[in-house]
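See below for the structure under consideration.
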């Protein structure tokens, strides 16, 4: 069954290898776990619902607990401590667009707010209700999870917006197709959520981000149904499709998503190479993508992430042998691991691998074949479970991500890492920090940073640690040419930094869009845009 | 010098080969040219300017004539007949963003409207002033035509928005780079115009449409300066960049464009293949792009276009030999010509050609090498000049274009062609119609249709012929899953059909955007969105 207070299915419980635990202790010290609250305790704290009785609305405490929070670190702390603060007043699980329309009509008539809910995997507070006098209904799309149509000639599939990753892929696979969208949250997140939050999958280099995959569909708004026709491309004015992408529930609820699919490839392989140092590795990555080499993914771990991944892999004997071999080949301390994917026909795959290996020779890459790549592919969605294992050892883990142009990648990654690493120095507490580049573009790259620190002696103090790290680093990112998010979206957690990225007039454009569809701010208020936008659509208020 | 009443430089005057003229006469009969008005006559009709005197504003009739019209067929008829109807009251040619701001401030203070002007190549009425009581200033960006910055690490170039195609490429070429954006209008159209109208270049298959090339920049609006930062990708809400793309001057004037550039390729080649019939050719094209073959462009002429191109090529003896050879290989009457491009390193190019040729064997393609492809590349920007030659023989020529999903390509192309071919049957006048697919996508394709008909015995009657063909075909396109424009934009000519494509709420979103930046409709009114949007932003009025 799905965990009510953590990630994924509770039957999955990955063990933290002893070598990994030792590695962490050496770096950031011993940790004492905080006590978990029980589901019963939390349920007992759920206040009565303020919503009207309605056949589509469930108000029992259990379902309200299970839809109250996402997967950010503050969500995690709230769920583990049992201090949820706010719950939705009810949850609806409509079965079709008609029921969604009915619920939206009710929201207008009865004056309650609505939060659309996909897989509940947000790490930025998208689906958390806000405290206030207005009742909140969470609308979960989970029952709208089917492949509705597949046009193999135009390669367009239509899905109910609540279809989660595994059901997207399995239903397509039955027909020989794939969407090719594999975000880290794949196991639980939904196609509608991907669109609403501008998601990016691990193989975006081949298949594109969700912006390139989303072809059209249907959005239920408070003003009626917005239908976006599928068109391969158009110059007919600004693209309404692009206004839905990233709208985070502020203009309506996506009910049907039409996406561009691809026949399953003849061959798919993942490969690993090591580089002697960051400089060579980063230059290789940049030049590979700028040379448009036919890769399906590229992920480059910096030296600390490489070291961490090897420590957490277990099998210390085998890893020891690997490191000896790499050292002989010149890749000792400071080495960086690159994982890359090749997808296509056998002939194309063979050619692509030859080209990549030749291309990387001047960068002194040590090519390791597909063994480690296969392992990566097998475990690619298991990472979030590690948080559970670390938590049980008393370690909190969070991630931060951005994207910036190549000329700024090293500088910004350095700033972020240094700020996090020394961010708890007033507590005399070191933080373990490491990064990778993934989602590389000719223009630049995403930077994905993970940080681990021991919990403090209370939930409040642990939250304060997180808050300090998050806020100082976010401010640093937007004032140094980084986006506040490359793939996690804005939600409530990133909203304070959006104005610096978009500028006053960019914010006015977003407010204009939201007000066109929802002048009364009934839909997911506080997410994406804070406050009420003021009279000119540029003012910022801390709270509505 | 640039023609005041037609396309391009008046020193270029391509001859229509005798074989081509004969071919046309056989199909649509003899034609008697209409008389051209002289520049002097037109200048004499320019009314006094209603603009205030200002050092940045020129009001002499000559410059007002030269900025009054674009290159649509009605523009052509207006210029040739001398019946311009409306002229801008003045033209400014600012040298920097400061002067643009100054002019916009003046427009607000003094109450005049503003039309931004790039290369004046619109074929949809984007830059035509509308009749009315409000004075109109056309702001031409032509003096802002320089490469301002080139970041070779992030591969981003910054240009003044008025830089025309040849100056974009030559300034980049000096540094070893290319933008790779080659619309048919390349010779005159500008980078700012490409962005404002969502242009697509002939090699979009490799380099992307302008949506993929535009990374950020600066737009001067009536509310101040909108700055869009360059980011390789972002999930931070709806993309403001995408709201500028296709905004057609309604939200502001683009002054600086930052675009994604690529090193000049080691090798670039264009190849020609013939197919026995449309069905085989179309299937080959669809499957090639869906298989992600590494092509830089693909253009597929239908049988009539193939026949027309061979007739217009001149050299009837050589063409005769070619046709004999093709017939021997099975490609006789009904044959279709495909031109495709391969760009990259020598090794990649060799591999790509092998893959393409093998891929097309089951479709019985006859590969002709690079000779005809080279000819196509040499003449790729000469096509608009042909209009001049045809005009002098009494033939009017226009094009219509759309894009639709693959399952609808044949059907829609058939509808368009039949409607145009028989569109003048009440005059008992056949129309010569042919099409090609270019800009192919895995999901679908653009359809580009050319139609030629003899002018009637007056300008008014010729305009009526055009209007009938254009209006009936446009209505057919949007009611049959086509976009009203894949690459020409909306302007004034396509605006009546935009609501059917975007839907009521899509139109409301566009009106919301325009009103955020320009509540008084000072900027290019009538372009993109007709009327004033009503009180809810969805109403349509025929004229403001």
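We did not get these values from a lab; they are worked out from the coordinates using the rules stated. In this text the structure is predicted, and so the values were computed from the model without any measurement. For neighbour counting, all protein chains shown are included, and Cβ atoms are generated from backbone atoms with ideal geometry for every residue, glycine included.
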Along Cα-to-Cβ, 7 Å out, sits the label point; list in nm, shortest first, how far the one on residue A:176 is from those in the other copies. 4.5
How would B:239, A:60 line up from fewest to most surrounding beta-carbon atoms within 10 angstrom? A:60, B:239
Apply 1/(1 + (r/R0)^6) to the Cβ-Cβ distance of residue A:32 and residue A:354, taking R0 = 45 Å, and write down the FRET efficiency to the nearest 0.05. 0.25
Copy-to-copy spacing for residue B:10, label 7 Å out on the Cα-to-C-beta vector, in nm, shortest first? 8.5
Tell me, in nm to one decimal, what length is gained between residue A:500 and residue A:292 on full extension, where the rule is 0.36 nm per residue of separation less the Cα-Cα distance? 71.7 nm
Using the 2.2 N^0.38 Å rule of thumb for compact globular proteins, work out how region A:1-104 stacks up: its C-alpha Rg over that value, please. 1.42
Per 10 Å bin, what is the whole-percent P(r) computed from every C-alpha pair distance within region A:225-281? 14, 29, 18, 23, 15, 1
Largest-first principal axis extents of the Cα set of region A:423-471 (Å): 45, 16, 14
What FRET efficiency would be calculated for the residue pair residue B:427, residue B:86, taking the C-beta separation as r and a Förster radius of 41 Å, to the nearest 0.05? 0.90
Axis carrying A onto B: which residue of A has the nearest Cβ, and how far, whole Å? A:242, 2
So for R0 = 25 Å, FRET eff. of residue B:108-residue B:143 from the Cβ-Cβ r, to 0.05, ends up at 0.65
With Cα coordinates, the longest principal axis of chain A makes an angle with the long axis of helix A:97-110, in degrees rounded to 10, of 60 degrees
Under the helix-only model (-39500 (n - 2.57) for each DSSP H run of 4 or more, divided by the residues of chain A), the mean residue ellipticity at 222 nm, to 500 deg cm²/dmol, is -11000 deg cm²/dmol
Share, in percent, of DSSP beta bridges within region A:36-140 that are antiparallel, nearest 5: 20 percent
From the P(r) of region B:351-442, could you give the percentage of C-alpha pairs in the tail past 23 Å? 50 percent
Got the relative contact order for region B:267-375 handy, in percent, Cα pairs under 8 Å and 6 or more residues apart? 55 percent
Calculated P(r) tail over 22 Å for region B:166-311, as whole % of Cα pairs: 51 percent
Using the count of nearby Cβ atoms within 10 Å as a rough guide to exposure, how do B:370, A:121 rank from fewest to most? B:370, A:121
Return the whole-Å distance between the Cα centroid of region A:229-256 and the Cα centroid of region B:59-79. 36 Å
Taking each residue of B:255-262 in turn, how many C-beta atoms of other protein chains fall within 10 Å of its C-beta, and what is the average? 1
Can you give me the angle between helix B:316-328 and the longest principal axis of chain B, using Cα atoms only, in degrees from 0 to 90, rounded to the nearest 10? 60 degrees
Using only Cα atoms, what is the ratio of the radius of gyration of region B:115-194 to 2.2 N^0.38 Å? 1.26
Out of all Cα-Cα pairs in chain B, roughly what percent, to the nearest whole number, are more than 31 Å apart? 48 percent
Compute the helix-to-body angle for A:303-312: its Cα long axis versus the longest principal axis of chain A, expressed 0 to 90° and rounded to tens. 80 degrees
Can you divide the C-alpha Rg of region A:188-267 by 2.2 N^0.38 Å and report the result to two decimal places? 1.13
Mean separation of Cα contacts under 8 Å (at least 6 apart) over the residue count of region A:467-512, i.e. the relative contact order in percent, is 30 percent
Would you compute the Debye intensity of region A:73-172 from its alpha-carbon atoms alone, equal scatterers and no solvent, and pass along log10 I(q)/I(0) at q = 0.12 Å⁻¹ to two decimals? -0.51
Starting from 0 in steps of 10 Å, tell me what percent of the Cα-Cα pairs of region A:40-82 lands in each bin. 26, 48, 23, 4
To the nearest whole number, what is the average tally of beta carbon atoms from other chains within 10 Å of the beta carbons of peptide B:221-231? 6
Along its principal axes, what span do the Cα atoms of region A:231-357 show, with the longest given first and each in whole Å? 59, 38, 27
Taking all pairs of distinct alpha-carbon atoms in region A:421-540, Kirkwood radius in angstrom: 16.5 Å
Other-copy label distances relative to residue B:333, 7 angstrom Cα-Cβ extension, nm: 8.2
What percent do you get for the relative contact order of chain B when only Cα pairs under 8 Å and 6+ apart count? 17 percent
Both in Å, the radius of gyration and Dmax of the C-alpha trace of the protein assembly as shown are 30.2, 94
Just checking the output field for B:478-488: average partner chain Cβ neighbours within 10 Å of each residue's Cβ? 3
Part-to-part distance (alpha-carbon centres) for region A:96-159 and region A:475-492, which is given in Å: 25 Å
Could you work out how much longer the chain between residue A:1 and residue A:410 gets when fully extended? Use 0.36 nm per residue separation minus the Cα distance between them, nm to one decimal. 143.0 nm
Cβ density ranking, 10 Å radius, fewest first, applied to B:16, B:148 yields B:148, B:16
Using a basic spin-label model with each label point 7 Å from the Cα along Cα→Cβ, how many nm lie between residue A:471 and residue B:346? 6.1 nm
